[in-house]
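Let me begin by presenting the structure, written as structure tokens, before commenting on it.
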Amino acid sequence: MRRLATAAKVVVLGAWLLVTLFPLYWIVVTSLKPQSEIFSLPLRYWPGEVTFEHYEELFSFADFGTYLANSLVVSLVAAAVVTVIGVLGGYTLARFSFPGRGAVMLAYLVTQMIPLFIALAPLYLLMSDLGLLNRLAGLMLVYVAMLVPFATIIMRGFYERVPVALEEAAQVDGASRLGAMVRVVIPVMLPGIAATFIFAFVQCWNELFLAITFIDSEDAKTIPVAMNSFITQYDIDWGSMAAATVVSVVPTLVLFAAIRRYIVEGLTAGAVKG
Amino acid sequence: MSPPRVFTARRAAFVGLCLLPGAVFVAVFTYYPVIRGAVIAFQRYNLFDLTSTPFVGLENFRAVLGEDRFWTALRNTGTWVVVSLFFQFFLGFGLALLLRRHFRGRGLYQAWVFFPWAMSGFLIGLLWRWMFNGQFGVINDLLLKAGVIDERVGFLATPGWAMTSVIVANIWYGVTFFAIMIMAALQSVPKELYEAAAVDGAARLRQFWHVTLPHIRPTLALIVLLRIIWILNFPDLIYAMTGGGPAGGTDIITTFLIQQVAGGDYGRAGAVGLLVLGLLLSFSVFYLNATRFERSR
């Protein structure tokens, strides 16, 4: 009876793994098939001939190198700024009680509930007034704002797990509050800080709707914007699309694998979508 | 230890300096646009004719509420949320229960099964759009082989099928969320509770029903609320798979909103935005009250 239960469990878990992984497998296989094979029947579940032509196309015809660089710059800068802001803001929210503390927390939490799309049109107007349409800098500013509440809330949670005594000991030894924070607390929190940075990076890397609203010039497109212009064409070139998907997903897969044990925190602070 | 109570000028300066940068960003790029959007909702405000933007009272709301597509989108939102949530919840719960006890390779299994997490809704949508393709889609091929269908179906171009397809993709994407969150909730149940129940000889199922479930119920309620809000706010998948088509058949309230923005009629977009916000708020209040009532019983 017990063995039967174990066997059933293995079958169910195996089936779910298959269901989860198949779409990923399929997009990889599609990206490796020659054009003629993608659009021919019967479907082949393994490429008859493996080719990298779609990847080459991406970087030669479509200017994917530029998009990749844009995505990288925007995500790196925005994530770095957001992490610094989160490290500072989270600290004050965790360690001080001051008038307005509750109001700040509430103001940040509320942003996690309201749909971004409500602000889309007025943000477009604001960007246009500031002359930041089609500029990577504009995208960075908006991404920082979008991620500040999450970064602050999640960092606050991490600080609360560090015993206050640790800091007090350092302060007794003559370090200033800032000194204690930089030399004692932050080293303990490095993994959490790294996780926050990665969450923020992946959010920026994946962001679509703000980017397609503010950006339409070729030299400022990020990867999602570029992929969006692929699908608005009448005939989608699924080979290139599959290759683009693989290229843009690999970095996030690696980064997420690195911070898997922080996923629950990320979910609770509203960072991870899905 | 509680935070220090004395609040000196130096402390105030430190706190201010630390919080200010973030607060400014949020005020300028989140709250200001949201408020401006609320004001625009009462103006005639078309991106292609900004020469005059007079206040027009409730005209935008009347226009939106008079549109059939809005009501279709609202109905679809209900279907989209309820059906997706139902399957995500129960499949996720099942997965969490299966992964609850440690077994060899569990860590590796989790790493693989949680991978959709790293992908954006947009990319997930593209993936499924390709798999649901009416001619060369692998889902058609598999269903044909299994004898479920006799000829290829244009899933994303056929009204009823399109909704089913986007919901299937959404379920696939969201099961992981529930699995992760419910696993975390299950781990929060104190072990002593189980030992006490085991002494009583309670059967596994009864133990689950009488010990585990009551203990995690408040957490579950919160997870479900977050999830509902989240699915409502999640047009990415539909946007990538069907763009709301065919003929508005898969439009939900947020894809509808995005179309209004893209169309340049910011007055109407503002009105839809406020309606969405009102819907979310009233739903949250209602839901929180309902679950609180249950807890206090």
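The values are calculated or read from the model by the stated rules, or taken from the named source; none is laboratory data. Since we're looking at a predicted model, the values are computed, not measured. In this analysis, Cβ positions are derived from the backbone assuming ideal geometry, glycine residues included, and neighbour counts consider all displayed protein chains. Accessible surface areas use protein heavy atoms only, side chains included; no ligands, DNA or RNA. Shrake-Rupley method; radii C 1.70, N 1.55, O 1.52, S 1.80 Å.
Here are a few things to note about the model shown:
- Boolean, B:Thr53 is polar (S, T, N, Q), open to solvent by less than 70 Å² (accessible area, probe 1.4 Å) and touching a helix residue (DSSP H, G or I) at 6+ places or on another chain (Cβ under 7 Å): no
- Take the conditions (1) within 9 Å of chain A (Cβ to nearest Cβ); (2) small (Gly, Ala, Ser); (3) on the phi > 0 side of the Ramachandran plot; (4) buried (at least 24 other Cβ atoms within 10 Å of the Cβ); B:Gly244 misses just one of them, which is (1).
- Qualifying residue in region A:169-185 (condition: surrounded by fewer than 21 Cβ atoms within 10 Å (Cβ to Cβ), under 23 Å from the mean Cα position of the chain (by Cα), part of a helix (DSSP H, G or I) and of a type outside the set (Phe, Trp, Tyr)): no
- Matching residues in region A:231-242 - criterion: being facing another protein chain (nearest Cβ under 9 Å), surrounded by fewer than 21 Cβ atoms within 10 Å (Cβ to Cβ) and within 18 Å of A:Ile27 (Cα to Cα): A:Ile231, A:Ile236
- Residues that are without any contact (Cβ under 8 Å) to a residue 60 or more places away in the chain and of a type outside the set (A, V, I, L, M) were ranked within region B:210-234; the one that is nearest to B:Gly57 (Cα to Cα) is B:Asn233.
- Count of residues meeting criterion [part of a helix (DSSP H, G or I), open to solvent by 30 Å² or more (accessible area, probe 1.4 Å) and at the interface with another protein chain (Cβ under 7 Å from one of its Cβ atoms)] in region A:112-164: 3
- Positions within region A:26-55 being within 8 Å of chain B (Cβ to nearest Cβ) and part of a helix (DSSP H, G or I), in sequence order: A:Trp26, A:Ile27, A:Thr30, A:Ile38
- Qualifying residue in region A:75-82 (condition: open to solvent by less than 40 Å² (accessible area, probe 1.4 Å), more than 10 Å from chain B (Cβ to nearest Cβ) and either of a type in the set (Lys, Arg) or more than 17 Å from A:Phe201 (Cα to Cα) (or both)): no
- Within region B:270-287, residues that are facing another protein chain (nearest Cβ under 10 Å) have Cβ atoms under 7 Å from residues that are open to solvent by 20 Å² or more (accessible area, probe 1.4 Å) and outside any helix (DSSP H, G or I) in these pairs: B:Leu277/A:Ile114, counting only partners at least 6 apart in sequence or on another chain.
- Any hit, region A:192-212, residues being in the same structural domain as A:Leu123 (by TED's automatic domain parsing) and outside any helix (DSSP H, G or I): yes
- Identity of the residue in region B:266-295, surrounded by fewer than 24 Cβ atoms within 10 Å (Cβ to Cβ) and among the aromatic types (Phe, Trp, Tyr), that ends up farthest from A:Leu123 (Cα to Cα): B:Phe293
- Listed here are the helices (runs of 4 or more DSSP H) enclosed by region B:70-150 that have at least 2 residues being more than 10 Å from every other protein chain (Cβ to nearest Cβ): B:138-146.
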